[in-house]
Amino acid sequence: MEEDTPFRRLHEDTIADILLRLPGKYVLRSGAVCKAWRRITTTPHFHAARARRQPASILAHAYLDAAPWACGDDLRADFSSEDIALDALSVSSPEDDRLRLIRYPGTKLTVPAHCGRLLASSDGVLLFKKDTGFYLLFNPVTRQWAQLPRLPAEYCRDRDPEYAFYFHQPSGEFRLLCCSLTRGIWYIVSTGAAEPRRTNAKQDPELITQFVKPLLTTATMPVALHGNLHWPPLWRFAATLGVVTTADTKMMVSNTVSEQFIQMSGPASTTPSMVKLFEMGGLLAAADFGEEKHVDIWFLEDYSARTWVHRQRVSSPWKYGSTGRPHNDWGMLSVAIAGDDEGNIIIGNNDGLLVYNLRKKGTRTVNSVMLRKNRLFVSRHVFKRSLEQHASFALPSADFPLIHS
């Protein structure tokens, strides 16, 4: 019989709050203390609460001399003379808090360098496109991986069909939202299914894809919040109204339950194609890069009323006249932005990267990224560490030889 102690008489919510404050490795170990703690630390609610506490990072590609990979000559023939590593740079202290997540050999799939093998990141899981219709998921913290169902040949006729990668809380599945223009359908590939599933979306894919871009070419990864996926605004919304004004900014949103697309108001901007979305403190936020000398920061403070509030105007991370400053939506592909719960926002690319604190009004330059000798290139991907272990994932084995975590 277990000993009755004051700690055991604590309410489970109180125990959960205490365990949430532990470092990751001790959370994993705490599950071995007793059945009650294991039950607490393995619930979806606990993992969701812990995920909200995790500091956000931006992902950067580092190029290294090739390692002696243990694999057959047929695979090694496709390797380049370099390896690629993915590093997570903390929003609050990117110079000091830099974590190497994985390393893999450079191949023809990692060219051009700004694309790489990495396609998206969601809830601590990285999505890699190994080949046409062939996707791998990997959690670098738990070292679990999974393979999405291989796409049948008839689904592989479309170029860049991937539009969103997200964790579907009700089902516990990681889902990849895709579009087949040749078949005229939207479909989902998930960890809990054996084959692609056609969605319930009623809207014409030809119409929707005028306003959203694939993962490979979108300036911002779709932001998942409140059960919806949010894409950044594009010029085409304003153009359909005939006159470009600040009132014209619209964004495309997809509900992950009904799977329908709707439009919602975006932040007031005369340059909607220069707006990037991100999540900060549980709010949908936007950064407008349309001006040369500053960046406007907006927050959707009332989600149900679609009320955007202009909260801050910060100095541009690029010097005046810098060639690194983006001038169109293609240039926005190289720009990183992420925020944390402490008021920090990291903004920029390899030609200028700054950390702003919206509360203290302070600014810091991230010098290590801008040094070419470091061969570190920031990406648009945002990463939050996750300890959640998914039943459909497996631990690394001989079947997954080309990733070092």
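Structure values in brief
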| read-out | value |
| --- | --- |
| Rg/Rh (Cα only; Kirkwood hydrodynamic radius) as it applies to the range 165-313 | 0.98 |
| Cut-off 10 Å between beta-carbons: net charge of the residues surrounding Pro94, Lys and Arg +1, Asp and Glu -1 | -2 |
| J(HN,Hα) series, the range 175-188, from Karplus relation 6.51 cos²θ - 1.76 cosθ + 1.60, nearest Hz, glycine and proline x | 10, 10, 8, 10, 10, 10, 6, 5, 9, x, 9, 9, 9, 10 |
| Mean separation of Cα contacts under 8 Å (6+ apart) over length of the range 246-405, as relative contact order % | 13 |
| Entries of Lys130/Lys213; Lys213/Lys361; Lys213/Lys384; Lys129/Lys293; Lys319/Lys373 with Cα pairs more than 27 Å apart | Lys213/Lys361; Lys129/Lys293 |
| Under-5 Å amide H pairs with Ala338, H placed in peptide plane, nonlocal only | Ile346 |
| 1.4 Å probe accessible area per residue over the range 272-405, in Å² | 47 |
| For His381, distant residues with modelled amide H under 5 Å away | Leu59 |
| Note, ³J(HN,Hα) from phi for the range 136-150, Karplus 6.51, -1.76, 1.60, rounded to Hz, x at Gly and Pro | 10, 10, 8, 9, x, 7, 7, 6, 8, 9, 8, 10, 6, x, 5 |
| Phi-based couplings in Hz for the range 192-198 (Karplus 6.51, -1.76, 1.60; Gly and Pro marked x) | x, 10, 8, 8, x, 10, 5 |
| Partner lysines for Lys35 [C-alpha distance under 23 Å; skip if fewer than 8 residues away on the same chain] | Lys25 |
| Ordering of 257-263, 215-221, 359-365 by burial proxy (mean other Cβ atoms within 10 Å per residue, highest first) | 215-221, 257-263, 359-365 |
| Separation of alpha-carbon centers, the range 171-199 and the range 296-343, rounded to whole Å | 31 |
| Long-range Cα-Cα pairs in the range 255-355 (distance over 20 Å), rounded percent | 39 |
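The values are calculated or read from the model by the stated rules, or taken from the named source; none is laboratory data. Given the structure is predicted, the values throughout are model-derived calculations rather than measurements. Note that each Cβ is placed from the backbone with ideal geometry, even for glycine, and that neighbours are counted across all protein chains shown. Surface areas here come from the heavy atoms of the whole protein model, side chains and all, with no ligands, DNA or RNA. Shrake-Rupley method; radii C 1.70, N 1.55, O 1.52, S 1.80 Å.
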